[in-house]
Amino acid sequence: MAYSFRGRIIAGVVLLHAFLMGLVVVDMVIRQQNFMEQQVSGESRTLAYTLALNAPSWLLSNDVRALGELVDSLKAAKRVQLAIIMDRDGIVRASTDPSLFNLVLTDPASTRLRAALQREHKDGRRHAQLIHDNLVDSLSEITSHGSPIGYARVIVDRTPIQAELDTIVHKGIALTLLAILIGGLIAWALVHSMTRRLKLLSQAASTIADGNLKVSLPDSHDKDEVGQLTRDFNAMSSALSKDLAIRMKMEAMLFAEKESAQVTLSSIGDAVITTDIEGRIQFMNPVAEALTGWSNQEALQKPLPEVFKIINEFTREPLENPVDKALRSNCAIDISNHTLLTRPDGSESHIEDNAAPIRDRLGSVIGVVLVFHDVTEKHTLTHQLSFQATHDGLTGLYNRQEFERRLGIMIGNASALNLEHALIYLDLDQFKVINDTCGHSAGDELLRQLTVLLQKNVRDSDTLSRLGGDEFGLLLYNCQQEKAISIANQLLATIQAFRFAWEDKMFTIGASIGLVMVNRESGNVAHLLSAADTACYAAKDKGRNRIQVFSVNDSELAQRHGEMNWVGRISKAFEEDRFLLYYQPIVPLQRSQGDEQHFEILIRMRGENNQLIPPADFIPAAEHYNLMTTVDRWVVSHAFNWLVASSNRQSCCAINLSGQSLGDENFLDFVVEQIHGTKLQPQH
């Protein structure tokens, strides 16, 4: 059942009035009840205290008659149920109930009361009180000169209080009902007066809602809120007649703002497309028209995927519509990398973009704005930088860094999939002759022409790389040794058949090739490259223009590989100063008087674990890899310094020199410089 506005106000006022009156009555009853209970409790406490004050002398003299008269004097009190005087041991010495004389009371109330008195006694008080069975039970201690000699107990009935409280409650309810009735009549009169004018306002508002703006109410001179509301309503009604002109002006301003926004979007450098919440195009700026190949008029109201067609650069698969993604996530999103925008004429552009929901002033999504720009030039530059990072600038082949990376992947595949691959290390012969004869530009051109020939003999799955200078590397994927040797022979034949012409000169070149098989026992990248290099240099030692397959059981290769390892150890020994000088005397078979002492200088190397390494272990490697001149310089320098500092400066010392040092045109100057620097006599 629906209630009118007037009825709800009246009901609300009456209920509020009743609630307040009920609170008043409840508060009054509670206060009265508390007062009466405090009065009864005080009466019980006072009577017990009075007995305790008057009983000491008679209790000490054990005057039972006087004690009985003292107790009987309380019978006149209408609410006293029982009065008792007990000695220190709890024996009743006088009572309004004669049957209790000379008894010790052990009922629960007596026990609880004595316990309560003991607790109070700890706090310095000599009185205790309990309420039980609608009775107020008080116990006071009887003392003489500060010492307890007995107890006075008074029990008062609380029952008469309840009857008085019931009477008060009935009167309160009657007064409340009367107040509610009177308040309801007053509320009805007030509400009726107020809602009558509100009803007129409601009728006038309905008339305006129907389209009739020429509505006014009788002028109200009342000073209350309804009177003010009536005057405000008349003012509003008058203002509504001017609303149409204002609205038209605002629409013109909004149109101008829209035009300004479109001009702004048309002038920015990024492409902009706006759609409605269903993904249909509402606007495209000129940049978007140019990038998509659609005009704004053609694209209007078309679904975005029909105009904005994007695919993945590598898979060529269509990508998700960014408008749908933005609406689903309800936030701004970026499209994935490697995105191509295709146009109706088949041309493509790399783009980057983002899409964001468009919201009205209430925060509701009403569409999506898509902003994107052409990054084709940036993508091309990035691709070029990536190419330069992994390719040789002269030949366009993969560089050494990329070659080693792919070799690492090949090693992992060989181990995981139990495959066998091949690594070819190719070093050109006579390349230095061309560089020295015709210059480095001729050498560069030779490398470019040779690269084209080599690529024709390489499978698409293989990796050809320039490792540096005139050295090339080739990775043969999933290739058995017989096939790898065949490919290596084909490369060698191609190089031997090549004729390089430069100006009026014609050159032929050759190559030495080292081949290593890559399998699960091959080891790491460094180990494989070292093995391939060893095999390549072994091919050079055997006469060049040949192929050498690396095998761990080949003694010559093992020796070569060991010598190559010694190169690093010798260089590290120089850095850490781990070479030592030894000498051995040279003694004539027939010594004659006056012969001076002769001895020969020897060299040893201290190993990484401080063990002595004889020259036979490292000298061959130093000779093979052109390190003997460095060794001889160290020996001469340290031997001269030792001779000057020791007692053997007058002896004759022999120092062996390698053929490399004798062939070094600067070595003689070095020896002379050491003689001058140490002041050593040359004849020694």
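Read the figures in this text as sums done on the coordinates, not as results from a lab. Only a predicted model underlies this, so the values are computations on that prediction, with no experimental measurement involved. Cβ sites come from the backbone with ideal geometry, for glycine too, and all protein chains shown count toward neighbours.
Loop-resident chymotrypsin sites (Phe, Trp or Tyr not before Pro) (DSSP state other than H, G, I, E or B) in region 275-354 with no more than 10 further Cβ atoms inside 10 Å of their Cβ: 314. When peptides 315-321, 275-281, 107-113 are ranked by their average number of other Cβ atoms within 10 Å per residue, the highest-first order is 275-281, 107-113, 315-321. Shape analysis of region 54-93 based on the Cα gyration tensor places the equivalent ellipsoid semi-axes at 19, 12, 7 Å, largest first. Our summary of shape: the Cα atoms of region 565-684 have principal axis extents of 50, 32, 25 Å, ordered from largest down, in whole angstrom.
Which value in Å does the Kirkwood hydrodynamic radius of region 88-143 take, with 1/r averaged over all unlike C-alpha pairs and then inverted?
12.2 Å
With the alpha-carbon atoms of region 327-482 aligned to their principal axes, the span from lowest to highest coordinate is 81, 45, 28 Å, starting with the largest.
An oblate overall shape is assigned to region 370-425, the ratio a/c of its alpha-carbon gyration tensor axes (a ≥ b ≥ c) being 1.5 or greater and a/b not exceeding b/c. Length gained on full extension, residue 666 to residue 175, computed as 0.36 nm times the residue gap minus the Cα-Cα distance: 163.4 nm.
Summary of packing: across the peptides 348-360, 489-501, the per-residue average of other C-beta atoms within 10 Å ranks them, highest first, as 348-360, 489-501.
When the P(r) is computed for region 384-456, the part past 18 Å accounts for 56% of the Cα-Cα pairs. The base-10 log of I(q)/I(0) for region 284-407, evaluated at q = 0.10, 0.12, 0.14, 0.21 Å⁻¹, reads -0.44, -0.58, -0.72, -1.21 [Debye formula, identical scatterers on Cα atoms, solvent excluded].
Computed from the alpha carbon positions, the gyration tensor of region 315-365 leads to an equivalent ellipsoid with semi-axes of 27, 11, 9 Å, biggest first.
Mind pulling the per residue volume of the convex hull built on the Cα atoms of region 265-317? Å³ is fine.
86 Å³
In whole Å, what three semi-axes, largest first, describe the equivalent ellipsoid of region 616-674 built from its Cα gyration tensor (square root of 5 times each eigenvalue)?
They are 23, 14, 9 Å, listed largest first.
Just list whichever of 456/505; 378/456; 483/542; 432/483 have alpha carbons separated by over 28 Å in the model shown. Those over the limit are 378/456; 432/483.
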